[in-house]
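Q: Sharing a structure below in structure tokens format, with a few things to ask.
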Amino acid sequence: MRWTSALAMMAMMALMLPLTTFASDGWIDGDGKAVPQTDAMKSSDGFAASLLVTSDADWQAKWETPADTTPRFTEASDVQLGGELFVLTFLSNPQLGEDGAAKVHCDVRMLRPDGSSSAEERDVPCFTARLPGPPTLLYMTSVQLKFVAEPDDPKGTWTAQVVVKDLLRGVSLPLQARFEVR
């Protein structure tokens, strides 16, 4: 398993979606209906975060589109040996400080099928800047993980875990997404 974290390489990016994706009481779909919380999509006290596992190697180009364009990502649930997946972390409505900046940190962990940790980073500043738009827009954090399934990797269910912590609001959202190495 080659695991690459883009924590230091990626700048904060934002997208104004034409359809609302977050309301003060949780995630909503394009029709304005509440979406139930899952292991990979949670909200609490007005703060929301989610994980997306995608096979799109061009995820960054898809994300960096004009505000009136909604990016479409291919969700992935498995990867063959030699293949790669990307785990993207999104958030909405971080608390802003007096300086107008958000202060969000992340704990990141990748678990092998046997539950052992293959990589771990704690308390990483993953979204700490002034926002280019309203806090209720959908933002991508600087936590993007690239997973490459190598021949000696154990086959089975791998788990990406990210705890997204809004330090100003005092809310932590533990997220996890799973995928199969075949």
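The numbers here are math on the coordinates, done by the rules we state, and not lab data. Computed from a predicted model, the values in this text were never measured in an experiment. Reconstructed Cβ throughout: ideal geometry from the backbone, glycine too, with neighbour counts over all protein chains shown.
Q: Using Cα pairs under 8 angstrom and six or more residues apart, how large is the relative contact order of the chain, in percent?
A: On the way: 458 pairs, mean separation 55.5, N = 182.
About 31 percent, as a whole number.
Q: Count the lysine pairs in the chain whose Cα atoms sit under 20 Å apart, keeping only pairs 8 or more residues apart in sequence or on different chains. Each step should come with its number before you reach the end.
A: Values: Lys33/Lys42; Lys42/Lys103; Lys42/Lys165; Lys62/Lys146; Lys103/Lys165; Lys146/Lys155.
Lysine pairs satisfying the spacing and distance rule in the chain number 6.
Q: Go through the stretch 70-160 and name the trypsin sites (Lys or Arg not before Pro) that are in a DSSP coil and have 16 or fewer other Cβ atoms within 10 Å of their Cβ. Could the numbers behind the result be given before it?
A: Numbers: sites: Arg72, Lys103, Arg109, Arg122, Arg130, Lys146, Lys155; in loops: Arg72, Lys103, Lys155.
Qualifying residues, ordered by number: Arg72, Lys155.
Q: Would you work out which of Thr65, Leu85, Gly170 lies farthest towards the positive end of the dipole of the chain? Charges go on Cβ: Lys and Arg +1, Asp and Glu -1.
A: Gly170
Q: Suppose only helical runs count, i.e. DSSP H with n ≥ 4. What mean residue ellipticity at 222 nm does that imply for the chain under -39500 (n - 2.57) per run, divided by all residues and rounded to the nearest 500 deg cm²/dmol?
A: Details: 1 runs with 5 residues, N = 182.
Mean residue ellipticity, 222 nm, calculated: -500 deg cm²/dmol.
Q: With charges only on Cβ, +1 for K and R and -1 for D and E, what is the dipole size of the stretch 19-111 about its Cα centre, in debye, rounded to 20?
A: Details: 6 positive and 15 negative charges, 21 e Å.
Dipole of the stretch 19-111, to the nearest 20 debye: 100 debye.
Q: Calculate the dipole size of the chain relative to its Cα centre from +1 charges on Lys and Arg beta carbons and -1 charges on Asp and Glu beta carbons; express the result in debye to the nearest 20.
A: Working: 16 positive and 24 negative charges, 24 e Å.
Once rounded to the nearest 20, the dipole reads 120 debye.
Q: Which GluC sites (Glu not before Pro) does the stretch 86-142 hold that lie in a coil by DSSP with at most 11 other beta carbons within 10 Å?
A: Within the stretch 86-142, the qualifying GluC sites (Glu not before Pro) (loop, at most 11 other Cβ atoms within 10 Å) are Glu98.
Q: Shifting gears a bit: Could you tally the net charge around Leu88, taking each other residue with its Cβ under 11 Å from the Cβ of Leu88, Lys/Arg +1 and Asp/Glu -1?
A: Details: positive: Lys62, Lys146; negative: Asp56, Glu75.
Within the 11 Å Cβ shell, the charges total 0.
Q: So what are the ³J(HN,Hα) numbers for the stretch 115-123, from phi and the Karplus equation (6.51, -1.76, 1.60; θ = phi - 60°), rounded to whole Hz, Gly and Pro as x?
A: x, 6, 8, 9, 7, 7, 9, 10, 6
Q: Taking springs between alpha-carbon atoms closer than 10 angstrom, which of Ser116, Ser172, Ser92 fluctuates most in the Gaussian network model of the chain?
A: So, out of Ser116, Ser172, Ser92, the one fluctuating most is Ser116.
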